[in-house]
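Read the structure below first, then the notes.
Nothing in this text is a laboratory measurement; each read-out follows from the coordinates by a stated rule. Just so we're clear, the structure is a prediction, and the values are computed from it rather than from any experiment. In this analysis, Cβ positions are derived from the backbone assuming ideal geometry, glycine residues included, and neighbour counts consider all displayed protein chains.
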Amino acid sequence: MEIVLLKKIREKNEQTQQELADILKVKRGTYASWECGSDTIPLNKLFLIANYYKTSIDYILGLSKEIERTKFNKEINKEYVGKRLKELRQKLQLSQTKIASSIGINQSTWWAYENGKTLITTSSLFSLVKKYNYSADWICGRK
């Protein structure tokens, strides 16, 4: 999953990959792999980048054209994200099995996300918000 806007935002702010890697406390190669799409950025790091640049996760993922500069939570909370995932699933009137299979994961993985045991992966979140037209920022408690 290549996040084209990640590079664009970094370059617009005249920063090197190393500078952003240092902010995120990762190696430059790790950051570079996220930027070019050879590895998927963990959601907690994507959350930090969105906060750092004061923009939305939806914008970084290319799901919104609006940059949205508003006040955000400092840290992502997997229990809160889980509650939002459950709320979304219930609004859609889907079982855990149905929603999980619709985004290419199994029911037990969805259960772990929904119950705040594990933070949803960026790729699963992307599939979910793309398929059901929801905001990644809303799910992550940033709106």
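Label positions at Lys54 and Ser123, each projected 7 Å from the Cα along the C-beta direction, are separated by 3.4 nm.
Given a Förster radius of 30 Å and the C-beta distance between Trp138 and Gln18 as r, what FRET efficiency does 1/(1 + (r/R0)^6) yield to the nearest 0.05? Working shown, then result.
Values: r = 33 Å, r/R0 = 1.08.
Once the sixth-power term is evaluated, E becomes 0.40.
State whether the range 4-60 is rounded, prolate or oblate according to the following rule on the C-alpha gyration tensor (a ≥ b ≥ c being the square roots of its eigenvalues): a/c under 1.5 gives rounded; otherwise a/b larger than b/c gives prolate, and the remaining case gives oblate. Rounded is the answer for the range 4-60, as its axis ratio a/c remains below 1.5. Compute the relative contact order of the range 78-139 as a whole-number percentage, counting only Cα pairs closer than 8 Å that sit 6 or more residues apart in sequence. Answer for the range 78-139 is 41 percent. Per-residue 3J(HN,Hα) values for the range 35-43, derived from phi via the Karplus relation 6.51 cos²θ - 1.76 cosθ + 1.60 with θ = phi - 60°, read 5, 8, x, 7, 9, 8, 5, x, 4 Hz in sequence order (x marks Gly and Pro).
The peptide list 107-118, 52-63, 18-29, put in order of mean Cβ contacts within 10 Å with the highest first, becomes 52-63, 107-118, 18-29.
With Cα atoms as the point set, the radius of gyration and Dmax of the chain evaluate to 15.0, 46 Å.
Taking a straight Cα-Cα cut-off under 20 Å and skipping sequence neighbours fewer than 8 places away in the same chain, the aspartates and glutamates within cross-link reach of Lys83 are Asp58, Glu75, Glu114, Asp137. Based on C-alpha pairs under 8 angstrom that are at least 6 apart in sequence, the range 21-143 has a relative contact order of 27 percent.
Using the structure shown, select from Lys12/Lys91; Lys7/Lys91; Lys27/Lys86; Lys54/Lys130; Lys78/Lys131; Lys12/Lys45 the pairs with a Cα to Cα distance greater than 30 angstrom. Over 30 Å apart, Cα to Cα: Lys12/Lys91; Lys7/Lys91; Lys27/Lys86.
Place a +1 charge on the Cβ of each Lys and Arg in the chain and a -1 charge on the Cβ of each Asp and Glu, then give the dipole magnitude about the Cα centre in debye, rounded to the nearest 20.
Working: 25 positive and 15 negative charges, 76 e Å.
In debye, rounded to 20, the chain gives about 360.
First check a/c for the range 78-139, with a ≥ b ≥ c the square roots of the eigenvalues of its C-alpha gyration tensor; if it is under 1.5, answer rounded, and if not, answer prolate when a/b is larger than b/c or oblate otherwise. Walk me through the numbers before you get to the answer.
Details: a/c = 1.18, a/b = 1.02, b/c = 1.16.
In terms of gyration-tensor shape, rounded.
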